[in-house]
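The values are calculated or read from the model by the stated rules, or taken from the named source; none is laboratory data. All figures in this text were calculated on a predicted structure; none of them were measured in a lab. All Cβ positions, even for glycine, are placed from backbone atoms using ideal geometry, and neighbour counts span all protein chains on display. Surface areas here come from the heavy atoms of the whole protein model, side chains and all, with no ligands, DNA or RNA. Shrake-Rupley method; radii C 1.70, N 1.55, O 1.52, S 1.80 Å.
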Amino acid sequence: MACRGACCCSSAGRLNADNARFLLLAVLIVLYMLCGAAVFSAIELPTEREAKERWEERLENFTRRHNLSRADLQHFLREYEEASVAGIRVDDIRPRWDFTGAFYFVGTVVSTIGFGMTTPATIGGKIFLIFYGLIGCAGTILFFNLFLERLITVIAYIMKSCHERQLRRKGVLPHNGRRGSGSSEVDSLAGWKPSVYYVMLILCVASLIISCCASAMYTPIEGWSYFDSLYFCFVAFSTIGFGDLVSSQNVRYESQGLYRFGNFVFILMGVCCIYSLFNVISIVIKQSINWILKKLACKCCHRCQRRLFRSRRNVVMPGNVRSRRNISIETDGVNESDTDGRRLSGEMISMKDFLASNKVSLAIMQKQLSETANGYPRQMSSNSKQNGFSSGVGALAIMNNRLAETSVDR
């Protein structure tokens, strides 16, 4: 019963922490959206009003000069808007639904960019898009996740090699191998993880380099300014895809095949890097939210935390679990708890490493809970094993021990 109560208390505490983190993040996102709306409204609203006044003046002058009714002219403009949705423009542009145009369209669909300059007009095309996008977007997101794992692995390998080289220069690590010394520095090297802030910096630099190189290509070929090219790169690479600027839409280009290939490569690399950067930034945001929650918890219920984390008979402190197991690069035991504070300087850990490490720590924790609940480490007799009750760990072990004792008594 004591073990069950401790587990229930820890589960309830973790659930409350997750709910608090979720609510705080929702509030911060809403506040972020309100601030963004205020800024964009203050910047863009005057320009919109000026453009509307100029358009009304031009429309009035055109109807007066050509002796047209305003209603007929507006009806004609609505028909042009419908043709524009189908891909018809005043200037000559490339066909939207030939094979290359359709391939460009499906690329914007599965990458979730969705520029909007090409959309299906038929019912069959819209129905097919629903099922096609459902599978394509899911597969592309999986590809981005796998790319992120491999990118983080490469970055971690490079950063760890640089870290080992620094240790060798200091004379802490031997030159003939990674191990062989009993110093604490060598032991800590096995559990070393790259800082999330260094990874974020590397991804920012990589994304900036790709955007600058792509902008240098778009500026002379598309006729955009360099700033507009950078703007297009961010909108496209982040899969926002407004559609106000879209590359590779003219009928002909100089070195057309080479340009379209370069456009495809830059968009692919940019989307992968920006997607990885967004994931790393989300880790930093989560750490910031945890820090805010800790500060709020310390101010609001400091006394309650003292009672909760006071050493009890049936509570296993995280430090005890960490000290009883070996740390290796494969099973680096960085727990994602919000209270133990063992993730130092923003260390990163993959979900694979996290699950592998918790297989060990969870088993030790359950075993300690079982022993403290029974008052001493229990040794199962051969009779209990013959009766089919395995020793186990945790709450199930307590139940199995009781069943084993009753079966032996009978």
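Just reorder LEU59, LEU142 by solvent-accessible area, largest first, 1.4 Å probe, all chains present.
Result of the area sort, largest leading: LEU142, LEU59.
Ignoring everything but the protein chains, give the 1.4 Å probe accessible area of LEU167 in square angstrom, nearest 10.
Approximately 20 Å² of LEU167 is accessible to the 1.4 Å probe.
What's the center-to-center distance, using Cα atoms, between the range 13-48 and the range 53-92 in Å?
The range 13-48 and the range 53-92 have Cα centres spaced 39 Å from each other.
Which sequence of CYS300, CYS212, CYS233 reflects their accessible areas, 1.4 Å probe, from the largest down?
CYS300, CYS212, CYS233
Hey, got the dipole for the range 201-300? About the Cα centre, +1 on K and R Cβ, -1 on D and E Cβ, debye to the nearest 20?
680
Taking N as the number of residues in the range 240-286, what is its alpha-carbon radius of gyration divided by 2.2 N^0.38 Å?
1.57
What figure, in Å² to the nearest 10, do you get for the accessible area of ARG70 with a 1.4 Å probe and non-protein molecules left out?
Its accessible surface works out to 80 Å², give or take rounding.
Over the range 26-83, one equal point on each Cα, no solvent: what is log10 I(q)/I(0) by the Debye formula at q = 0.22 Å⁻¹?
-0.87
What FRET efficiency would be calculated for the residue pair ILE88, LEU45, taking the C-beta separation as r and a Förster radius of 45 Å, to the nearest 0.05?
Using R0 = 45 Å, I get an efficiency of 0.90.
Using a probe of 1.4 angstrom, how much of the accessible area of the range 44-158 is carbon and sulfur, in percent?
On the range 44-158, the fraction of accessible area on carbon and sulfur atoms equals 65 percent.
Rounded to the nearest 10 Å², what accessible area does HIS66 show when all protein chains are kept and the probe is 1.4 Å?
The accessible area comes out at roughly 100 Å².
Is the shape of the range 27-138 rounded, prolate or oblate, going by the alpha carbon gyration tensor and its root eigenvalues a ≥ b ≥ c, with a/c under 1.5 for rounded and a/b larger than b/c for prolate?
oblate
I need the phi-derived Karplus couplings for the range 73-83: 6.51 cos²θ - 1.76 cosθ + 1.60, θ = phi - 60°, integer Hz, Gly and Pro marked x.
Each residue's phi maps through the Karplus curve to give 5, 5, 5, 5, 5, 5, 5, 5, 4, 5, 5 Hz.
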